[in-house]
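Rule-based calculations on the coordinates, nothing more; no lab input. All values derive from a computational prediction rather than experimental measurement. As a convention, Cβ positions derive from the backbone with ideal geometry for all residues, glycine included, and neighbour counts pool all protein chains shown.
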Amino acid sequence: MSDKPVVLMPEDIQRIMGKDAQRNNILAAKMVAEVVKTTLGPRGMDKMLVSPTNEIIVTNDGVTILNEMQIEHPAAQMMVEIARTQESEVGDGTTTAVMIAGKLLENAEKLLDMKIHPTVITKGYKMAAEKAQEILKELAFKINSSDEDILKQIAMTAMTGKGAESYKEKFAEIIVKASKQIENNGKIDIKDIKIEKSKGNGIKDTELISGVVIDKEKVSHDMPKIVRDAKIALIDCSLELKNPEIDTKISISSPEQLQNFINQEEREIKEIVRKVKDSGASVIFCQKGIDDFAQYLLSKEGIYACRRVSKSDMEKISKATRGKIVSNLNELTPFELGDAQTVEEVKNGEDVFTYVKGCQNPKALTILIHGSTDHVLDEIERALVDGLGDVICSLQSGLVVPGGGAIEIELARRLREFGQSLSGREQLAVEEFASALEFIPTTLAENAGIDPIDVLTELKSRHDSGERNAGLNLFENKVDNVLEAKIIEPYKIKNQAINSASEVAVMILRIDDVIASSGQKDGKVNSMKNYVEGLE
Ligand code: ADP
Ligand code: MG
């Protein structure tokens, strides 16, 4: 045998193995949870994020914070992913999900210190997560769309502690009204609701408009301000003469030639406008530009036109008015046009909008948020999206649970009972899983400046004596029946949070080797491969 060294990988590959890899990953995950911890709950604080281009975001929203932080550590990125999944699946509960995952890993570390093998821990965690889902379902309450008060309470619980808090009653009303209106036999498509923002008036002027509102004004002052019984053409090609791709030179030697050239252009534009008019359209939404001369001709015909309408707005108007988006003017016939009772230009504060109202599809809605600055508008939008998400997912699953940590304490209590029935060391992991859930009520207390140990002791003893809705009421800073205090959350938030938190915790615990190749120039980690060796 030769005694030459065996080279398996290039030199610039970084490798961390065994315990070091585990500890390093756990530490990173804990740090992510630590970042969002102080924002949890109605008394949570906000974070100010400044981007490289000096844009400022002030927010309390878990997923927004993590998205903006440009996290690079691979295990930490997996934590951020939990928040993203939570946001896309339910639209709320992002902080909760990340915190439970962080705590599961922190508690696993204790077990690793006791020389318990990661396989045992992950097995225990999986058993606990499964059991938790079962108990959660048992503890949930059924609701339906006629329980308006409960739905409003859910929306308000979601918005407590956010920028929208002072007007949460009004917002809750808007959210519930909107969600019920777009419901169709239990099916709800959140895309039917458009959220538009207007700078100028106060937050309290935020309104629900039935129809589509877009932030575009009509292209010419001479066009009508309002069109009734509108026939709407949706066009995604430009209403201009095509610019030649390459520079073209035209040599003109006489005034007649110039006039001919101009006449030719005019004829083409007139032809474009004639096609629109012949279709019977009285309103045009164009995704591209509209030529100046065409604007003039359109206004002479009394046609209302908006240009550079975004693709998503075009799609919303198409769905609302049942009009078809056409890419070629030759295809524009009366059958492609959409219908609406009115299309109107409306000035709100500093901004000018076009309202499309009385649409064919009555489910098309817009929530128009008013507020004084972009920061306020953005934070109100995030709160509103949380509230909408919560109400919609409660309507979809028809199940809700008590908030304020009540559900977490009851789950923990029942999980401990379940743990006792197990014989192996998995029991310890189930117990750590239970205590990770208790981290939610203790953090809610801590963020409100209340002693977390006192709260936890009282909550546990009240749950032991059968008060399963005892939770932390942060309107009055005391342990209380949270259902009576109207602190209610959708079942799906908790179900999703427990699911993804435990999945990611298990995944991170199973990694015992990190092999990272560094980039040639900046030494950044470009790719990473996880080796999960021989576990299970
Ligand atoms: P997330 O990103 O996880 O949704 P939030 O900051 O929205 O985080 O906080 C949600 C938590 O706050 C939930 O556990 C919810 O039960 C709790 N909560 C909301 N309102 C109250 C209240 N008035 N009293 C106590 N807890 C509340
Ligand atoms: Mg929330």
Förster radius 56 Å - calculated FRET efficiency between I13 and D278 (Cβ-Cβ, nearest 0.05): 0.25
Förster-model FRET efficiency, 25 Å R0, Q70 and D189, C-beta, rounded to 0.05: 0.15
Nonlocal amide H pairs with E489, under 5 Å, H built at 1.01 Å: V401, G403
Sequence-distant residues sharing a close amide H with N348 (under 5 Å, placed H): F353
Relative contact order for the range 211-361, counting Cα pairs under 8 Å that sit 6 or more residues apart, in percent: 41 percent
Translational D in µm²/s for the range 211-361 (Stokes-Einstein at 4 °C, 1.567 mPa s, Kirkwood Rh from C-alpha pairs): 81 µm²/s
Crossing angle, helix 168-182 versus the chain [Cα axis fit, 0-90 degrees, rounded to tens]: 70 degrees
Which listed pairs, of K137/K478; K363/K494; K180/K486; K191/K357, have C-alpha distances above 22 Å, in listed order: K137/K478; K363/K494
Mean Cβ neighbour count within 10 Å, used as a protection proxy, ranking 354-360, 416-422 highest first: 354-360, 416-422
Rounded tilt (10° steps) of 426-437 against the dominant C-alpha axis of the chain: 50 degrees
Relative contact order (%) - the chain, alpha-carbon pairs under 8 angstrom, separation at least six: 25 percent
Helix-only [θ]222 nm of the chain, DSSP H runs n ≥ 4, -39500 (n - 2.57) each, per residue, nearest 500: -15000 deg cm²/dmol
Using alpha-carbon coordinates, inclination of helix 18-37 to the longest axis of the chain, degrees: 60 degrees
Ranking of E301, E446 by count of other Cβ atoms within 10 Å, fewest first: E301, E446
log10 of Debye I(q)/I(0), alpha-carbon scatterers only, for the chain at 0.07, 0.08, 0.11, 0.12 Å⁻¹: -0.54, -0.67, -1.00, -1.10
Length released on extending from S210 to Q396, taking residue separation times 0.36 nm less the Cα-Cα span: 64.7 nm
Cut-off 12 Å between beta-carbons: net charge of the residues surrounding E379, Lys and Arg +1, Asp and Glu -1: -3
Net charge dipole size for the range 211-361 [Lys, Arg +1 and Asp, Glu -1 on Cβ; Debye, nearest 20]: 480 debye
FRET efficiency, 1/(1 + (r/R0)^6) with R0 51 Å, evaluated for E331 and Q133 via beta carbons: 0.50
Loop-located GluC sites (Glu not before Pro) in the range 28-73 whose Cβ has at most 14 other Cβ within 10 Å (DSSP): E55, E72
Diffusion constant of the range 1-105 at 25 °C, which comes from Stokes-Einstein with the Kirkwood Cα-pair radius and 0.890 mPa s, µm²/s: 157 µm²/s
Selection from I487, I453, I175 lying farthest towards where the dipole of the chain points positive, charges on Cβ: I175
Net lengthening on full extension, K199/K110 (0.36 nm per residue, minus Cα-Cα): 26.9 nm
